[in-house]
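Following: one structure in structure tokens, then a few remarks.
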Amino acid sequence: MLAFIKRYEGLWLFSRSPAVILAAIMAFGIILGAILAPWIAPINPYDLASFSLMDGLLPPVWDEFGSEKFLLGTDDQGRDMISSILYGARLSLIIGISAMTIATVLGVGLGLAAGYFGGRFDAIVMRIADIQLALPAILTALLIDGIARGILPPEMQQNLRVTVLIIAIALSLWVNFARTARASTFVQMNKEYVQAALIQGQHPLRVMFVHILPNILGPLLVIMTVDLASAILLEATLSFLGIGLPADSPSLGTLIRIGMQFLLSGEWWILWIPTLFLVALVVSINVLGDFLRDVFNPRLR
Amino acid sequence: MVYFIVKRLVQSAFVMLAVAFLAFSLFRFVGDPITQMTGVETSVADQERLREDLGLNDPYALQFARFTGDMLKGDFGFSYRTRQPVAEMIATRIPATLELGIVALLISLLVGIPAGVYTALRPRGIATQAILMVTLVGVSIPTFVIGIMLIFFFGVQLGWLPTFGRGGTVRLGGWETSFLTVDGWRALILPAFTLGVYQLTLTMRLVRAEMMEVMRSDYIRFATARGVPMNRLYFKHALANTMVPVITIIGLQFGGVIAFSIVTESVFQWPGMGLLFLESIRFVDIPVMGVYLVVIAFFFVLVNLIVDMLYVVIDPRLRIRDVS
Amino acid sequence: MSRTLRKSILLGGVISMTALGVQAESFHWASTTDPQTMDPHAVNSAPVLSFLNNVYEGLVRRGQDMAIEPSLATSWEPMVGDNGWRFNLRQDVTFQDGAAFTAEDVMFSYQRASNEAADVRSWFSPVSEVRVVDDFTIDFVTSAPNPLFPSSIANFMILDKDWATANDATLPARDAENFATMNVNGTGPFTLSSRDPGVKTVLAPHAAWWDTAQHNVTEATFTPIGNSATGLAALLSGEIDFIQPIPLQDVAQVESRDGFKVLEGEETRVIMFGFGHEHDTLLYSSDVTDANPFADPRVRLAAAHAIDLASIDRVLFRGKIEGASQLVPANISGYSDANADRPAYDPEMAKSLLAEAGYADGFSFGLKCPNDRYINDEALCRAAASMFAAVGLDADLSTGPVRDYWPQLREDDFDMYLLGWSPGSFDMEHPIRFLMHSQDDEKKLGSWNFGNYSNARVDELLPLIQQEIDADARQAMVDEVVSITQDEVAYIPLYTQPLIWAAKDNIDLTQRSDNFFMLRWVTVNEAN
């Protein structure tokens, strides 16, 4: 840990930028809320008996028709908005982080190797990437959903939608990593330090991960942060197109999709409160990502 | 170079075949076309007959062989939903999607690259912080929400721009274009912006990252020390060196633009391929979905081929690797 | 529909007749789905039939109040000495290409529409023979007495024999398209000027139409707009004059704006829950695995008592739905006035019924719902699941698009499911035939009775109802069927689906309860 701090002295920059501090607080707050949702949320949105349609469409507490029982109001089912959002952030983060992690590992690994080995291996990886790119995310999601339903027994399928979404989103994101890693690796391969390592006869894995990887992290980190955000948004978009999560398992994206119906009907809180939350989450992730990139790449200071 | 192109063309054929295969395998999971083709009063026996007639009861391998075989012969089949020839349906929708995509991509590059350069050169400036913040918020709101908000603000409240469709188009041969009429351009603005805003942010951030990296590199430092004028330095030396990743990103963005055009077209009722594809999913119109995917695969293969060739042109060092 | 609105329609009719030919009125309208074909016999679906009713006509047609009235037939009567109906045809009717209309065209259209390639052929299953008597008389012979036959063929559209033959469109397109897929030649008030499928379809008046035009439209443009928010924006920005439907929650927004109006009515579609009557065990239960509690009518009744329709109406439907006691709404012929009560919301009763049936602690089961078929279908099912949970019925809800939903119902993959039914013939016999009679593929009965509800007396009554000429005797039998199915809780009818259209203030039009939009009743007035 000490060595880490010593290496990345830039971490001390942290205290110098109010935006970064603010972003860190926001991200930390939302993540903490998401983790603690089962303990701090007033109701459990998955427990159908814990809310009632009779409380439906109540505005937030500061509105004259609001109720103190529901600080941010309720949706069209009578679900408490705070609880939905806490659980929603939890689900969105699980989906986003899992999908991004899978995509990063898969994409960077393949991209590095393709750039390093070149030739036939490179061609095969890049053609697989082409195939992947040619299948829009909506189709990948349909495909995986379909395969899962074909293979698994019905009682397992209900809980499967989240996994299906994670895999579908990861598959539609890995190509970004692979192609960027590959292009950057090509450039690095001609640099003296790599050539030197190769002449020394170092193991390819060592060259790839110890020498090349740290030097291509800049663009990759940008993609990672942008893609964590887009993974969360992609889930919302898939819901909008009708193949995301069912409405009774709320992610932030699903909440926004449901809220869209109330864009003009006066119940603004059903759309805008989850949207505000999503924006806050995504923006703070991105700000932190930028900051981390600066830290990992001390030359940029 | 010729060898390179021929090799890539052969590979591309395999890519298209693989896409066709994957596409075809997933159709079985989309739903049942028969229930979508017939009315509620149609008897079960009549439904079964239709299923038999369409060959949906045949073994899977036979159906796939028939699909690819017909396609290789140039026979793209007929839509289950409208009974029209699929080739014609897709062909009439291609111009709408391509024009929308090109304008979105242009917005993304023409705004994204200068913004990326600017924010890299003035990393602590107020304007930089503002640009970064606004674009971040922009990409944090789902595309469909942005689209609907734009429609209601510019279309309904202000009444400046149309809310749906392509407006006035002119037919040039088989190509229906929006570029030649004022109405056509007016109708293009909102959807192209909606589609471009995400790509714009990605471009800007990537150019910024690359640019900052390059600016710190030794040869720029030497150039600065030698007294090369700053403007010349930024735009000739520094920017040129960010081109490899930027070209990569254009290739990638083409994918993003096509994928997200499905959402944008659905929000703006834009009569392109994406909208057709969504309708085809709803009606389980297998022939249209299949051909759509193969056509999309073709575009990808083409763009990737061009991108790879540009690499070779821009950075001659890469040429050696590819030939070896 | 409000009284003032009805008046304004009549008034509009008068104005238009005087103004006709004076001003050119183009009219733009939108709906969610594009008619997939222009062939009147190829697809039996509401978007197609609704659209083509502006272009083609049947022997009979429905008026503004849905009553059957003469169209290409001026009169009809039961045949003498045979089962069936004789239609006397209108003379001096011309098709849009100028050809004269005769009995041969009806004969040809019958052969075309009853062919295996036609999706509408089920309308003609009672018909055993059709005979042309002379140029303007035709007999439809049925295998049994069939009092409902004339009203069951209101959407059977007549096309020109010579035109179809000359253009190689003698049968509806099956694989490839044919001439009739993209072109029309009917006798109706409008004809096609251009068609770009999925994008834009333009209609123009048929100058030689036999009836007096009550509209003043000189050009009508139809655009499908799938996204409801975009459609609403198109109306509010003035780009279109009329849209069907708009989302319930946006009614207040449209009404609050100057220059727009909302037309509200009730569709003929009743939304209901159905059960897997026939299953031995539940498919999706985690606690009851050796029995099917829904086989017990007490459990089905408990489910009915668990539903708080008043809250559903207030929150989800903004007070715009009417509860349903049976599978048709009150404005449909055959509606059983004697059985107009529906089970009240009574969770205590539900719990005690469950206890009586041996499920005092409730049980879990799978509830399937579509999410793109009916208004608020998904929200309704989520609310119902929450209400079921309150009495111990733990519903495991799974929702999906219809393209995937119907196959699941066909494969018997549910414990309980949601269904909406609109009687195509506008008579109670229709849901009895499709939803209450036991499944019988041979006789083509009970084909949408997915849970296979089965009652010998209901099966026995259906053919009698179909053949009974005497109205009172027929109603008595219908009442008996409704009473049996209510006692046994064959289904839980919930409510009649509301019908919400929106238009600019200067447009007068008629909202028919089958959700068909008829251009011939549209008047475009001077905009204020």
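The values are calculated or read from the model by the stated rules, or taken from the named source; none is laboratory data. Please read all numbers here as calculations on a predicted model, not as lab measurements. Backbone-built Cβ (ideal geometry, glycine too); neighbour counts: all protein chains shown.
Here is the figure for the range C:309-345: residues that are surrounded by fewer than 17 Cβ atoms within 10 Å (Cβ to Cβ), assigned to a loop (DSSP other than H, G, I, E, B) and over 19 Å from the mean Cα position of the chain (by Cα) total 4. Look at (1) within 11 Å of chain A (Cβ to nearest Cβ); (2) closer than 24 Å to residue A:241 by Cβ; (3) touching a residue at least 40 places away in the same chain (Cβ under 8 Å); (4) β-branched (Val, Ile, Thr) and you find that residue B:197 fails only one, number (1). Taken over the range C:184-217, the residue count meeting the criterion of being in a loop (DSSP other than H, G, I, E, B) and without any contact (Cβ under 8 Å) to a residue 12 or more places away in the chain is 1.
Within the range B:150-199, restricting attention to residues that are farther than 30 Å from residue A:282 by Cα and among the β-branched types (Val, Ile, Thr), the residue that is surrounded by the fewest Cβ atoms within 10 Å (Cβ to Cβ) is B:182.
Would a scan of the range C:375-382 turn up a residue that is under 27 Å from the mean Cα position of the chain (by Cα), touching a residue at least 60 places away in the same chain (Cβ under 8 Å) and outside any helix (DSSP H, G or I)? Yes, the range C:375-382 contains a residue that is under 27 Å from the mean Cα position of the chain (by Cα), touching a residue at least 60 places away in the same chain (Cβ under 8 Å) and outside any helix (DSSP H, G or I).
In the set C:128, C:152, C:193, C:143, which member is within 14 Å of another protein chain (Cβ to nearest Cβ) and either under 30 Å from residue C:443 (Cα atoms) or of a type in the set (Gly, Ala, Ser) (or both)? So the residue among C:128, C:152, C:193, C:143 that is within 14 Å of another protein chain (Cβ to nearest Cβ) and either under 30 Å from residue C:443 (Cα atoms) or of a type in the set (Gly, Ala, Ser) (or both) is C:152. Looking only at the range C:270-312, residues that are without any contact (Cβ under 8 Å) to a residue 60 or more places away in the chain, within 14 Å of chain A (Cβ to nearest Cβ) and among the small types (Gly, Ala, Ser) come to 1 in all. For the range A:57-69, taking the residues that are of a type outside the set (D, E, K, R) and away from every other protein chain (no Cβ under 14 Å), the one that is farthest from residue C:381 (Cα to Cα) is identified as A:62. Inspect all residues belonging to the range C:388-396 and state whether any of them is part of a helix (DSSP H, G or I), among the hydrophobic types (A, V, I, L, M, F, W, C), in contact with a helix residue (DSSP H, G or I) (Cβ under 6 Å, 6 or more places away or on another chain) and within 14 Å of chain B (Cβ to nearest Cβ). Looking for residues that are part of a helix (DSSP H, G or I), among the hydrophobic types (A, V, I, L, M, F, W, C), in contact with a helix residue (DSSP H, G or I) (Cβ under 6 Å, 6 or more places away or on another chain) and within 14 Å of chain B (Cβ to nearest Cβ), one finds none in the range C:388-396, hence no.
In the set (1) crowded, with 22+ Cβ neighbours inside 10 Å; (2) within 29 Å of residue A:76 (Cβ to Cβ); (3) modelled with pLDDT under 95, the condition left unmet by residue C:299 is number (3).
Of the residues B:128, B:194, B:203, B:135, the single one that is closer than 30 Å to residue A:218 by Cβ, within 25 Å of the chain's Cα centre (by Cα), at pLDDT 85 or above and part of a helix (DSSP H, G or I) is B:194.
Restricting attention to the range C:220-234, which residues are outside any loop (DSSP other than H, G, I, E, B) and either at the interface with chain B (Cβ under 8 Å from one of its Cβ atoms) or over 25 Å from residue C:72 (Cβ atoms) (or both)? Listed by number, the residues that qualify are C:221, C:223, C:224, C:228, C:229, C:230, C:231, C:232, C:233, C:234. Step by step: first the residues of the range C:468-496, then only those that are touching a Lys or Arg at 6+ places or on another chain (Cβ under 9 Å) and not in a strand (DSSP E or B), then the one that is surrounded by the most Cβ atoms within 10 Å (Cβ to Cβ). Which residue is that? In this case the residue turns out to be C:481. If you go through the range C:115-136 and keep only what is more than 19 Å from residue C:44 (Cβ to Cβ), surrounded by fewer than 15 Cβ atoms within 10 Å (Cβ to Cβ) and not hydrophobic (A, V, I, L, M, F, W, C), you end up with C:128, C:129, C:134, C:135.
When residue C:157 is tested against (1) in contact with a Phe, Trp or Tyr (Cβ under 6 Å, 6 or more places away or on another chain); (2) within 12 Å of chain B (Cβ to nearest Cβ); (3) over 22 Å from residue B:288 (Cα atoms), only condition (2) is not met. Taking interchain pairs and intrachain pairs at least six residues apart, which have beta carbon atoms under 6 angstrom, with the first residue in the range B:38-59 and in contact (Cβ under 8 Å) with a residue 12 or more places away in the chain and the second part of a loop (DSSP other than H, G, I, E, B) and of a type in the set (A, V, I, L, M, F, W, C)? From residues that are in contact (Cβ under 8 Å) with a residue 12 or more places away in the chain, there are no pairs.
Residue B:78 meets each of the listed conditions (1) within 14 Å of chain A (Cβ to nearest Cβ); (2) under 24 Å from residue A:134 (Cα atoms); (3) touching a residue at least 12 places away in the same chain (Cβ under 8 Å) apart from (1). Of the residues screened, residue B:179 is not one that is of a type outside the set (Val, Ile, Thr) and either outside the structural domain of residue B:275 (by TED's automatic domain parsing) or modelled with pLDDT of 90 or more (or both).
Report whether or not residue C:364 is assigned to a helix (DSSP H, G or I) and either crowded, with 21+ Cβ neighbours inside 10 Å or not charged (D, E, K, R) (or both). Taking the combined requirement at face value, the residue does not satisfy it. Filtered by the rule that a residue be of a type in the set (Asp, Glu) and farther than 15 Å from residue C:266 by Cβ, the range C:298-340 gives C:308, C:337. Taking each residue of the range C:154-167 that is among the basic types (Lys, Arg) and looking for partners that are at pLDDT 95 or above with beta-carbon atoms closer than 8 Å, six or more apart or interchain, yields C:161/C:104; C:161/C:105; C:161/C:107; C:161/C:108; C:161/C:109. Answer with yes or no whether residue A:214 is surrounded by fewer than 19 Cβ atoms within 10 Å (Cβ to Cβ) and away from chain C (no Cβ under 13 Å). Yes, satisfied.
Any idea which of (1) more than 29 Å from residue C:67 (Cβ to Cβ); (2) assigned to a loop (DSSP other than H, G, I, E, B); (3) of a type outside the set (S, T, N, Q) is the one residue C:407 doesn't satisfy? Going through the list (1) more than 29 Å from residue C:67 (Cβ to Cβ); (2) assigned to a loop (DSSP other than H, G, I, E, B); (3) of a type outside the set (S, T, N, Q), residue C:407 breaks only (2).
Scanning the range C:235-269 for residues that are more than 19 Å from residue C:510 (Cβ to Cβ) and more than 14 Å from chain A (Cβ to nearest Cβ) returns C:238, C:239, C:258, C:259.
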